[in-house]
Amino acid sequence: MKLKFYITTFISLLTLVTAAQDATLIAKVSKNKLGLNQRLKIEFSINKQGSDQFTPPKFTNFKVVGGPSQSVSQSWVNGKVSFSQSYTYIIQPKRKGEITIGTASVKIGGKYIRSKPIKIIVLDAVEIPKNPNDPNYIAQQNIHLVAEISKTRPYVGEGVYVEYRLYVSENVSVYNYGVTEAPKYNGFWNQEIKIKGQSPVKIGKYNGEDYRYIVLQKALLIPTKTGKLTIDPMKMEIVIGVPTGRSDFFGNVITRNVRKEFASAKKIIRPNSLPLEGKPANFSGAVGAFNFNVAISKEILKANESSQIKVAISGKGNLKLFELPEVITPTELEKYQPERNERVRVNSTGISGSVSDLYTIVPQYKGKYKIPNVSFSYFNPKEKKYHTIVTDDLFVDVLEGKELKPVVDTNSIRKQNVTSTGNNFRYIQTKTNLEVVDTSDFFKSNLFYILLLLPLIAIPIGIIIAKNNQKRNNDLVGNKQRKAEKLARKYLSEAKKKLGEKEPFYEALERALHNYLKAKLGIETTDISKEKITGILKNKSIETTTIHQFIEVLEHSDMARYSQITTTEMEAEFERAKQVIVELDKQL
């Protein structure tokens, strides 16, 4: 009797809990987008018992291929009851376009509950193999390698975010994968965004269907020119477990491993050129949102005592792709080459941080000196306009040191009348006592003979020096070589300081090459690309070998930052860059 009581109580409780749930009717399709010759599965599920009448929608513009098939499931887990009753149909569209599947209804306890309508997009017929169970076909339909682009029409200099995702449906399994060909970013400054640890598996939709996906790679791209820029596909080789439709002795689905190559679609980005209207004269290619500041460490000091002027730009944008404004100081303040300091972070939202130049100045004379204000201009892509920030003038007060000699204004001197006094004009002596000078000692001295022979020795030495100078001046090739080497050392001085530090060295090396081109050819940093460099240098009649070497150094500088490089290889790269600048300068 007790057992019967407990069973009755359990069933009653189960019924009460189930009845307490709100009844819902949910419609779910296997795909929201399909070809005209494809089929889809639609399932209507009810979460409450007691339904005595189910009415499917009118499948207008669809042909019912199979169904309805019914299934019922009920479970009790940790005191929670779940119930589901489903009706499944297999349907095929009759026409192309956007088709809406209407609502289904079910009657529970005298009340009708309806599902929501679902929109289906029907495209042209797709090629279906003779055997739809072909593992290669199944793998192709259930795995997708996709490149997601944050923006297709950025401004030149504005960051674009690209993310490569691998979508895998629940129907197949992935056992192993590897990238066989990395994407190429021609026409972009690019930097990979590191993914911390192993990328987690996420749930998302692809073409309206539910998929699992992982993020394979992220990168930040900054277009350096306008026009049609193509991001080449990423290619992968994947080992996939495809169900064969058969089961083993224990009822487990038997799968077959298939090795297949996948590639993401090409992506096209068409950058907009920066507007000419309102473009400041001092604009150097900064795109983003920035703050600008110029500060001095000491305003009061002594002669030969140093002070530092810091020029800093902070914010979010292409911080690595433009030059900082230069501080102009009076000639009485000796200024040294600035020291560059970068604190930059690259993530999926772009480049952020700060870049600064630190100048050391040393006064030579006592006095008060004015350092004129400095201005910085940038373009804000969100506001679509230019901004200019102007700092205040700086003053340096040197309290101790040598006095700076004033410049005499000769125009201020005036004629004055001579006033005669008793002592102005004295008696002029008309007689003198002359004495004979004894010169015998001098004419017999060594000094006399040295002075006598000196012109005879100096003349041939002067002739030799003059001929050497004339020969040197006539040596046009040698003069060009010496001038080019001096210029190369000037532009590469910053890179030489960074030898041994991989990323700072290659950034400084790349910046030196860009600065050289800007100085010699008038190319803005934002316009620099391999194609434009090649075209301009060809127009300047530069040898093809030299052009190739220059482009090669630029590409290697970009790639080497993410490779294992030794100090010896850096030194070799420095010499190559120096030689390339020398050769270019000689030919230019």
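The values are calculated or read from the model by the stated rules, or taken from the named source; none is laboratory data. Small disclaimer: the values here were computed from a predicted structure and weren't measured. With ideal geometry, Cβ positions are generated from the backbone for all residues, glycine too; neighbour counts draw on all protein chains shown.
Checked against the criteria, TYR177 does not count as assigned to a strand (DSSP E or B), modelled with pLDDT of 90 or more and either in contact with a Leu (Cβ under 8 Å, 6 or more places away or on another chain) or not assigned by TED's automatic domain parsing to the domain that holds ILE254 (or both). Taking the condition of being surrounded by 15 or more Cβ atoms within 10 Å (Cβ to Cβ), under 18 Å from the mean Cα position of the chain (by Cα) and free of Cβ contacts under 8 Å to residues at least 60 places away in the same chain, how many residues in segment 333-366 meet it? Result for segment 333-366: 4. Scanning segment 294-321 for residues that are among the aliphatic types (A, V, I, L, M) and modelled with pLDDT of 90 or more gives VAL294, ALA295, ILE296, ILE309, VAL311, ALA312, ILE313. When the residues of segment 216-232 are filtered to those that are surrounded by fewer than 15 Cβ atoms within 10 Å (Cβ to Cβ) and not small (Gly, Ala, Ser), the one that is nearest to TYR177 (Cα to Cα) is THR230.
The residue of segment 280-315 that is farthest from TYR155 (Cα to Cα), among those that are surrounded by 21 or more Cβ atoms within 10 Å (Cβ to Cβ) and of a type in the set (A, V, I, L, M), is ILE309.
Okay, residues lined up against (1) assigned by TED's automatic domain parsing to the domain that holds ILE99; (2) at pLDDT 80 or above; (3) small (Gly, Ala, Ser):
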site	(1), (2), (3)
ARG39	yes, yes, no
ILE42	yes, yes, no
SER45	yes, yes, yes
GLN49	yes, no, no
ASP52	yes, no, no
LYS63	yes, yes, no
GLY67	yes, no, yes
SER71	yes, no, yes
TRP76	yes, no, no
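Might you check whether a residue that is buried (at least 17 other Cβ atoms within 10 Å of the Cβ), among the acidic types (Asp, Glu) and not assigned by TED's automatic domain parsing to the domain that holds PHE322 occurs anywhere in segment 144-151? Taking every residue of segment 144-151 in turn, none turns out to be buried (at least 17 other Cβ atoms within 10 Å of the Cβ), among the acidic types (Asp, Glu) and not assigned by TED's automatic domain parsing to the domain that holds PHE322. In segment 111-143, the residue that is surrounded by the most Cβ atoms within 10 Å (Cβ to Cβ) out of those that are at pLDDT 80 or above and charged (D, E, K, R) is ARG114. Can you say whether LYS520 is under 28 Å from the mean Cα position of the chain (by Cα), at pLDDT below 75, farther than 17 Å from LEU321 by Cα and among the basic types (Lys, Arg), as far as the supplied structure shows? For LYS520, the condition - under 28 Å from the mean Cα position of the chain (by Cα), at pLDDT below 75, farther than 17 Å from LEU321 by Cα and among the basic types (Lys, Arg) - is met. In segment 565-586, the residues that are buried (at least 17 other Cβ atoms within 10 Å of the Cβ) reach residues that are basic (Lys, Arg) and assigned to a helix (DSSP H, G or I) with C-beta atoms within less than 7 angstrom, at least six apart or across chains, in these pairs: ILE565/LYS502; PHE574/LYS496.
Within the set LYS205, LYS228, LYS218, LYS151, the sole residue that is among the charged types (D, E, K, R) and at pLDDT below 85 turns out to be LYS205. For VAL258, indicate whether it is modelled with pLDDT of 90 or more, out of contact with any Asp or Glu (no Cβ under 7 Å at 6 or more places or on another chain), surrounded by 12 or more Cβ atoms within 10 Å (Cβ to Cβ) and in a strand (DSSP E or B). Considered against the rule, which asks whether it is modelled with pLDDT of 90 or more, out of contact with any Asp or Glu (no Cβ under 7 Å at 6 or more places or on another chain), surrounded by 12 or more Cβ atoms within 10 Å (Cβ to Cβ) and in a strand (DSSP E or B), VAL258 comes out as no. Of all residues in segment 191-208, those being touching a residue at least 40 places away in the same chain (Cβ under 8 Å) and surrounded by fewer than 19 Cβ atoms within 10 Å (Cβ to Cβ) number 5.
Here is a check on your reading of the model: is THR244 surrounded by 14 or more Cβ atoms within 10 Å (Cβ to Cβ), assigned by TED's automatic domain parsing to the domain that holds GLN140 and among the polar types (S, T, N, Q)?
So THR244 fails the test.
Could you list, in sequence order, all residues of segment 251-302 that are of a type in the set (Gly, Ala, Ser), under 32 Å from the mean Cα position of the chain (by Cα) and on the phi < 0 side of the Ramachandran plot? Hits for segment 251-302 are ALA263, SER264, ALA265, SER273, ALA281, SER284, ALA286, ALA289, ALA295.
Residue count for segment 316-332, restricted to those that are surrounded by fewer than 19 Cβ atoms within 10 Å (Cβ to Cβ) and either part of a strand (DSSP E or B) or among the charged types (D, E, K, R) (or both): 5. Condition check for GLU334 on (1) outside the structural domain of SER377 (by TED's automatic domain parsing); (2) farther than 29 Å from TYR506 by Cβ: one failure, at (1).
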